[in-house]
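The block underneath contains the structure these notes are about, expressed in structure tokens.
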Amino acid sequence: MSAATARRLRLAGQRVTNQRLAVAAALSSARHQVTAQELWERMRPRHRNLGRATVFRTLEALTEAGLARRLERDGHIYAYVACRPAHHHHLACRVCGTVEEVGEELVAEISRRARRELGFEIEDARMDFYGVCRRCAAEAAEARAAAEAAEARAAAEAAEAAGAPPSS
């Protein structure tokens, strides 16, 4: 990881420092998008001399070098995710913070339509899609179903207690 990260930093004209490599490694090991503050707090126990401002600046340098992507959370709070070198886009779950990289094939139709319908040739695009991941959507559906079942049971019990026939 460090050699590849160092190479990508150099190719982007960035200085390679131990602190930058440590921040890149910590970001890469994060399972979800993280704010600079969250990353700094995670790194603090092992990197006592690492300043918060250094983490903020390093995340911006990693973003410029293509090693990270800055995403926007609710409230205009920035979070970061490590990125692989190939061109890609992101699906960011607003519930759990998971970020999935998706290839160009997912958005290629937009480029084709822009060319065909508008005569516009897209040279570069970076797209982040915000929504709810499959796991969180399934958990929400389960919670809704459980709430509806509990509500139906409560209504049936109330109807039975009142002596009315249960509704179907």
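The values are calculated or read from the model by the stated rules, or taken from the named source; none is laboratory data. Keep in mind that what you see is a predicted model, and the values were worked out from it rather than measured. Positions of Cβ are backbone-derived with ideal geometry, glycine not excepted, and every protein chain shown enters the neighbour counts.
Figures for the structure shown
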| item | result |
| --- | --- |
| Test: residue in region 12-19 that is buried (at least 17 other Cβ atoms within 10 Å of the Cβ), of a type outside the set (S, T, N, Q) and assigned by TED's automatic domain parsing to the domain that holds E60 | no |
| Given (1) outside the structural domain of R8 (by TED's automatic domain parsing); (2) surrounded by 15 or more Cβ atoms within 10 Å (Cβ to Cβ), index of the condition E105 fails | (2) |
| Those residues of region 1-37 which are assigned to a helix (DSSP H, G or I) and among the hydroxyl-bearing types (S, T, Y), in sequence order | S2, T5, S28, S29 |
| H90 being of a type outside the set (K, R), over 21 Å from L11 (Cα atoms) and within 10 Å of the chain's Cα centre (by Cα) | yes |
| Members of region 41-56 that are closer than 9 Å to A26 by Cβ and of a type outside the set (D, E, K, R) | M43, H47, V55 |
| Some residue of region 64-72 being more than 16 Å from V34 (Cα to Cα), in a helix (DSSP H, G or I) and touching a helix residue (DSSP H, G or I) at 6+ places or on another chain (Cβ under 9 Å) | no |
| Contacts under 6 angstrom Cβ, first residue in region 46-61 being part of a helix (DSSP H, G or I), partner among the small types (G, A, S) and at pLDDT 95 or above, 6 or more apart | V55/A36; F56/A36; L59/A36 |
| Residues within region 38-61 that are touching a helix residue (DSSP H, G or I) at 6+ places or on another chain (Cβ under 7 Å) and not hydroxyl-bearing (S, T, Y), tallied | 11 |
| Test for A152: is it surrounded by fewer than 11 Cβ atoms within 10 Å (Cβ to Cβ) and more than 29 Å from the chain's Cα centre (by Cα) | no |
| Residues located in region 39-66, provided they are β-branched (V, I, T) and closer than 11 Å to Q19 by Cα | T54, V55, T58 |
